[in-house]
1. For the stretch 16-36, how many residues are closer than 11 Å to Leu78 by Cβ and charged (D, E, K, R)?
2. If you scan the stretch 226-262, which residues turn out to be more than 13 Å from the ligand (Cβ to nearest atom), within 12 Å of Met291 (Cβ to Cβ) and either among the basic types (Lys, Arg) or outside any helix (DSSP H, G or I) (or both)?
3. Hey, could you check the stretch 111-136 for residues that are charged (D, E, K, R) and more than 6 Å from the ligand (Cβ to nearest atom) and say which is nearest to Ser169 (Cα to Cα)?
4. Look at Lys116 and say whether it is open to solvent by 80 Å² or more (accessible area, probe 1.4 Å), in contact (Cβ under 8 Å) with a residue 24 or more places away in the chain and within 19 Å of Leu93 (Cα to Cα).
5. Might you let me know whether the stretch 31-44 holds any residue that is under 20 Å from Pro264 (Cα atoms), away from the ligand (no atom under 16 Å from the Cβ), surrounded by 13 or more Cβ atoms within 10 Å (Cβ to Cβ) and under 20 Å from the mean Cα position of the chain (by Cα)?
6. For the stretch 147-161, what are the residues that are among the charged types (D, E, K, R) and open to solvent by less than 50 Å² (accessible area, probe 1.4 Å)?
7. Could you please let me know if Ser144 is away from the ligand (no atom under 12 Å from the Cβ), open to solvent by 10 Å² or more (accessible area, probe 1.4 Å) and polar (S, T, N, Q)?
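The values are calculated or read from the model by the stated rules, or taken from the named source; none is laboratory data. Everything numeric in this text was worked out from a predicted model, so none of it was measured. Reconstructed Cβ throughout: ideal geometry from the backbone, glycine too, with neighbour counts over all protein chains shown. Please note that ligands, DNA and RNA were not included when accessible areas were found on the heavy atoms of the full protein model with its side chains. Shrake-Rupley method; radii C 1.70, N 1.55, O 1.52, S 1.80 Å.
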Amino acid sequence: NVQHNNDVHIPRYVRVNTLKTTVEDVIDYLKRDGFSYQGTASQLEDLRSLSGKTFMSDLHLRDLLVFSAKVNFHDHYLYKAGHIILQDKASCLPAYLLDPPVGGHVIDACAAPGNKTSHLAAIMKNKGKLFAFDRDTKRLSTMSTLLLRAGVTCHQLANEDFLKVDPLSPAYKDVKHILLDPSCSGSGMVCLHDGGSEEQDPERLKALAAFQLRCLNHALKFPKLQNLVYSTCSIHTQENEEVMSVCLEKNPDFRLIHLLPEWPERGRDPLTQCLRASTTKTFTHGFFIAMLERQTTRNSGSL
Ligand code: SAM
């Protein structure tokens with residue numbers, strides 16, 4: 001279910017793939033290619049002032065460049081060579097906020113087509129282990145191509161149902177970080193061209209929320225887990241704050257982390273530790289992000 005709106009203006013966001021290049025080199029390349037660099041945005045509104053071939057660095061995310069919505073990079077050398085990834089700003093937040101350490105063991109539970117996986121790999125500098133699962137074979141094959149182009153090497157791709165992955169398997173004994181971006185209604189995704197809109201089916205939403213909660217509860221069973229980021233591209237409270245609230249009740253040894261105090265849009269009350277994103281307030285697609293942290297107890301594991 002996708003919002004359709006011809007008046008919406010979302011800039012073109014470009015994530016620099018630091019596995020292959022640097023932000024400085026990409027800026028230099030683009031300048032030589034006729035683009036004009038305006039420096040780092042000082043306020044969110046700046047991102048909407050871009051036109052023609054002007055671009056700037058984002059004010060929240062270091063590796064993100066912002067262009068006018070009309071700029072198309074699909075045929076550009078930097079894109080084809082995997083030096084840049086075309087990824088909405090909101091969708092860059094989950095990996096950025098999870099911020100796994102170089103050399104860490106990390107799970108991307110519902111990973112295809114893999115934009116967040118490649119972002120995680122960049123943050124980990126391709127060191128450590130990145131276990132990526134998806135149960136959709138076709139999406140996984142797209143993902144393999146994308147990861148190859150992006151130069152990701154620290155991953156292990158598995159065509160597996162995450163709910164069937166054994167949290168107690170020795171393979172995952174050092175997993176401390178999980179990114180969970182499960183299937184959702186997609187109600188935050190804005191289609192800028194088509195007309196018409198679909199109604200959300202209440203039964204489908206209920207089923208999605210139940211699935212998302214199962215994924216969350218399952219992910220929290222990994223014994224060494226410290227931090228988990230949960231994200232959806234849905235604007236429905238039912239798939240976001242409500243799922244998170246039930247999960248917190250069931251897993252009292254985890255608590256929410258207060259994310260990015262400077263971010264302008266928060267999770268619905270009382271879950272204001274979480275982030276929301278929207279076309280109107282953050283100039284992105286609609287998104288929800290929560291981060292859980294295991295509460296440290298002297299006797300963790302026995303509670
Ligand atoms: N994180 C991805 C990215 O940034 O490119 C997008 C993930 S998409 C929102 C959700 C994915 O979850 C789909 O590719 C879907 O096939 C997968 N999925 C759904 N149920 C699953 C399950 N039980 N186990 C593993 N993957 C699942």
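1. Of the residues in the stretch 16-36, 3 are closer than 11 Å to Leu78 by Cβ and charged (D, E, K, R).
2. If the condition is that a residue be more than 13 Å from the ligand (Cβ to nearest atom), within 12 Å of Met291 (Cβ to Cβ) and either among the basic types (Lys, Arg) or outside any helix (DSSP H, G or I) (or both), then Gln226, Asn227, Leu228, Phe254, Arg255, Leu256, Ile257, His258, Leu259, Leu260 are the ones that fit.
3. Filtering first and then ranking leaves Lys129.
4. no
5. yes
6. Asp161
7. Yes.
Residues are listed down the side, and each one gets a yes or a no for (1) open to solvent by 10 Å² or more (accessible area, probe 1.4 Å); (2) of a type in the set (A, V, I, L, M):
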residue	(1), (2)
Lys70	yes, no
Phe73	no, no
Leu120	no, yes
Met124	no, yes
Lys127	yes, no
Asp136	yes, no
Leu140	yes, yes
Leu163	yes, yes
